[in-house]
Amino acid sequence: MNAVASMQGLSVASIATGAEIIRNVSLTLARGEILGLVGESGSGKSTLGLAFLWHTQKGLMRRGGTVSLAGSALATLDAKALSRLRGRVMTYVPQDPARALNPALRIGAQIRDVIALDRNNTATGDQRLSELLGEVDLPHDSAFLRRYPHELSGGQQQRVVIAMAFACRPAFVVLDEPTTGLDVTVQKRILATVKDLCRTSGSAALYVTHDIAVVAAIADRVGVLYSGSIVEIGPTAGVLRAPVHPYTRSLLAAVPTATPGESLAGIPGRAPLPDQRPSGCAFHTRCAVSEARCAGELPQRSTPTHERSVWCWRAEDGVAANVPRASASVHERRAPAHRAGVLSVNALTAYYGAVAAVRDVSFSIARGEIMALVGESGSGKTTVSRCVVGAHSAYVGSIAIDAEELPHSAGKRSTLQRRSLQYVFQNPYAALNPRRTIGQTLLQWARVLCDDTAAEYKQRIATALERVGLETRYLGRYPDELSGGQQQRVAIARALVSDPAFLICDEITSALDVSVQATVINLLSTLCRDTGLGVLFITHNLPLVGSVAQRVAVMRAGRVVECASTVDLFRHPREAYTMQILQDSPSLSFLGTVNRE
Amino acid sequence: MHTETQKPGLIVSAGHSDAEPRSALARLLLEAARLRRFQIGMALTLLILGLALLGPLAAPSSPTAFVATPFAMPSLSFPFGADYLGRDVWSRFLCGGLSLLLISMPATLIGVGLGMAAGITAAMFKSSWTEAGMRLLDVLLAFPQVVLALLFVTILGPRPWLLIGVVALAHFPQSTRVLKGAASDIVERDFVKAAQVIGMPQSRILFDEVLPNVSGQLLVELGLRFTYSIGIIAALGFLGFGRQPPNPDWGLMISENKVALLFQPWGTLLPVIAIAVLTVGVNLVADALGRVTARISARMEQA
């Protein structure tokens, strides 16, 4: 195999604690190959991407291992030689293009700077520039080149950064979540562009992401990273269709596949921090099939199939099979709404100043039902939710619970009305006061919303915590002592303290890892079934909707373009726009097909 | 001296103790106490505060008695020699810090306290009125602090309450701006919006949601303004508008003995060193608190 880039036994550790962020990782990439590296937050995937470019972030140090690139060992090079390679032979595409581009320089000047690095370039700079812009699908007229980064859309900015990364036809590119934060349609086109560029320039690429579905769309091979170690690596289709490592299996079971009614299975517990890693296999404390050996020794590499490597003691036993992809459907589980009540939104048109951000939106939610409101960024879905809870009062139309119309602003609504309609925010860490314990926060909500005795407050808090599956010992903790999933549970518990009839959830899983997302989604479904809670679930993630909602409204540019039951919408979308985002959403739907057959 | 801070009981962060929850402020201080710069800063600050507070009790002779020849060299009985009138430098030094602290501490507390009240109110109830008020404060801010103080003191005479008042007034606009900036970030955060949406009274939002989240910046501001207070008051003392002779005072000592700086420097040097050490110490403490505040916020996001 003609390896272009290879990393052997590399470890990266924290200088302060000595804990290893990356543990003894070896990877090899062939010419033109795209290796997808999947890992949840804290797995060390970004650190690994940078370490492959022989760079360590502040506070970290390399501990053993080598990287060789296009035949030269990076360890033997001095700083000057390394910097000659960077931008030319090895390049990097970061997550946020807005921060990667110099805001004070025109786009054209920034791209030309990189082209000038290429000494093998026979064509003139301008020829290469127009060729490059064509390759990344950007206009190459001079007006465009004279723009500044802030005058471009997020997708265009990322194309510029990608153009710069591929300008010198590098041997090796590291892309660190380049499409996170972009809409699915834009994401799909950027993935296609990256794939084309790798093929035409023969560059090997390491594509780092948290999103398995993206890897399915772009990578030739995929490596799964857990707590600083590769646990499984092999050809993409093989790994995704027939995963061997229990972590890979659990992760896949947590990814929504745009199948109406499918259930997601989360992974219990949380990934260990580098300095609190258990002995033996780092995953054994969360693993359903672990045995004594897993806690004792680090698993050895095994090769169950051709080109596949797995680090799991039980890989050869084949026991890891049958990690459940639960089949109970949300539709079957749906209990009749045992408490009457309907939240209805009628002809809602909301304004920011004179601009209508939302036009003529109508829908209703019954108790015990989850309705999803789906749209890309800027579609007005958050504005709708803010109107419903009374945080945005500049609107016409009506919002009513049963027949009782609610005043526009939260301040004018009665305590009873505020009690029955609660809101959960996107980022739990922004929505919880970092200076108050969980108990203080919950008590405060109970006090403001309910006029009870101290004993009743205590009871309410205990019930709310129990419903979200947290123990009472968390009451004395501060939010920063909890994991992201636990923080979001606390935020949901806070909303449940007043025993509301309806819950408005605004992108509540988008800041969470997929394995955690699945547990939060299951929690919501259970709450609806058991307590008759009605939920408005706002999201940009269409595949996820299949696992959550009974009905879906799709929003575009401030209007609802299609509203249907989840089954109908996924099987027979009527609007072209719905069809398009269904197609563009990266998904593992082929897995669902495999399982069903 | 640093070993005792490593006791397990003091380690707060990821330890997940199930013990009684600590108040947010106690948690901040406990975490800061583990930083070396906090320990050093606290040691320096306490050293000078101790000297200033307990010094008068330990002074070997009266600070106003003439005990030696003017500018007498250090000797066994007078370890730092005598000042320009032949008084014991060491005794005057030990007695001269208290007045400085008695004026700078209340001045800082009043100035920063008013600034906090005004700043947080302006951030929470943002309107054209509060904005107009902020611009008025900018005018005050443009006025040099020492000149402002001198103006009042020359008209009304060097009285302690007046010194406290003018120094507090000098701090007020700056503290208002800093705390308004800090609180403006907080009032935009989701947890404040969440509290507003459920109809929590504004006063509760102010005290329970906003105030605890600016406590870090508040402590930093207090530390910083305290060192500025010492600077202004020592400067006024040096200019002769602080405590009047023959009373001992660090600022006054510097100005009285400056002529002998080359051959009997102790009368000038001792108060200068004390003020410098106190300033550095308080700044280190303030810096440690600032770092810990930032760290707690950062931990929230990576959880």
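The values are calculated or read from the model by the stated rules, or taken from the named source; none is laboratory data. Keep in mind that what you see is a predicted model, and the values were worked out from it rather than measured. Every residue, glycine as well, gets a Cβ built from its backbone with ideal geometry; the counts of neighbours run over all protein chains shown.
In region B:257-295, the residue that is nearest to the other protein chains (Cβ to nearest Cβ) out of those that are more than 24 Å from the chain's Cα centre (by Cα) and buried (at least 21 other Cβ atoms within 10 Å of the Cβ) is B:266. Only one of the listed residues (A:374, A:358) is surrounded by 20 or more Cβ atoms within 10 Å (Cβ to Cβ), under 25 Å from residue A:522 (Cβ atoms) and touching a residue at least 40 places away in the same chain (Cβ under 8 Å). That residue is A:374. Of everything in region A:559-581 that's polar (S, T, N, Q) and surrounded by fewer than 18 Cβ atoms within 10 Å (Cβ to Cβ), which residue is nearest to the chain's Cα centre (by Cα)? Result: A:580. Any residue that is closer than 30 Å to residue B:71 by Cα and of a type outside the set (A, V, I, L, M) - is there at least one of those in region B:104-111? Yes, some residue in region B:104-111 is closer than 30 Å to residue B:71 by Cα and of a type outside the set (A, V, I, L, M). Whether a residue is free of Cβ contacts under 8 Å to residues at least 24 places away in the same chain, at the interface with chain B (Cβ under 10 Å from one of its Cβ atoms), among the hydrophobic types (A, V, I, L, M, F, W, C) and part of a helix (DSSP H, G or I) was assessed, and residue A:430 passes this test. Are there strands (runs of 3 or more DSSP E) fully within region A:188-292 with at least 3 residues that are in contact with a His (Cβ under 7 Å, 6 or more places away or on another chain) and farther than 26 Å from residue A:166 by Cα? List them. Hits in region A:188-292: none. Per the conditions (1) over 17 Å from residue B:126 (Cα atoms); (2) β-branched (Val, Ile, Thr); (3) more than 10 Å from chain A (Cβ to nearest Cβ), the sole criterion not satisfied by residue B:176 is (1).
Does residue B:194 satisfy the criteria of being in a helix (DSSP H, G or I) and either closer than 20 Å to residue B:36 by Cα or more than 14 Å from every other protein chain (Cβ to nearest Cβ) (or both)? No; evaluated as a whole, the condition is false for this residue. Evaluating residue B:245 against the criteria (1) in a loop (DSSP other than H, G, I, E, B); (2) within 14 Å of chain A (Cβ to nearest Cβ) leaves one unmet condition, (2).
One line per residue, one yes/no per condition, for (1) outside the structural domain of residue A:235 (by TED's automatic domain parsing); (2) buried (at least 21 other Cβ atoms within 10 Å of the Cβ); (3) without any contact (Cβ under 8 Å) to a residue 60 or more places away in the chain; (4) under 29 Å from the mean Cα position of the chain (by Cα):
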{"site": "A:30", "(1), (2), (3), (4)": "no, no, no, yes"}
{"site": "A:34", "(1), (2), (3), (4)": "no, yes, no, yes"}
{"site": "A:40", "(1), (2), (3), (4)": "no, yes, no, yes"}
{"site": "A:49", "(1), (2), (3), (4)": "no, yes, no, yes"}
{"site": "A:78", "(1), (2), (3), (4)": "no, no, yes, no"}
{"site": "A:87", "(1), (2), (3), (4)": "no, no, no, yes"}
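Provide a single number: the residues in region A:276-294 that are exposed (fewer than 14 other Cβ atoms within 10 Å of the Cβ) and touching a residue at least 12 places away in the same chain (Cβ under 8 Å). Even if it seems obvious, please write down each step before you answer.
Narrowing region A:276-294 to residues exposed (fewer than 14 other Cβ atoms within 10 Å of the Cβ): A:276, A:279, A:291-293.
Those left that are additionally touching a residue at least 12 places away in the same chain (Cβ under 8 Å): A:279, A:291, A:293.
Selection size over region A:276-294: 3.
Screening residue A:456 against (1) more than 10 Å from chain B (Cβ to nearest Cβ); (2) in a loop (DSSP other than H, G, I, E, B); (3) farther than 23 Å from residue A:539 by Cα leaves a single unmet condition, (2).
Residue A:390 falls short on exactly one of the conditions (1) surrounded by fewer than 23 Cβ atoms within 10 Å (Cβ to Cβ); (2) within 30 Å of residue A:562 (Cα to Cα); (3) in contact with a Lys or Arg (Cβ under 8 Å, 6 or more places away or on another chain); (4) within 12 Å of chain B (Cβ to nearest Cβ), and that condition is (1).
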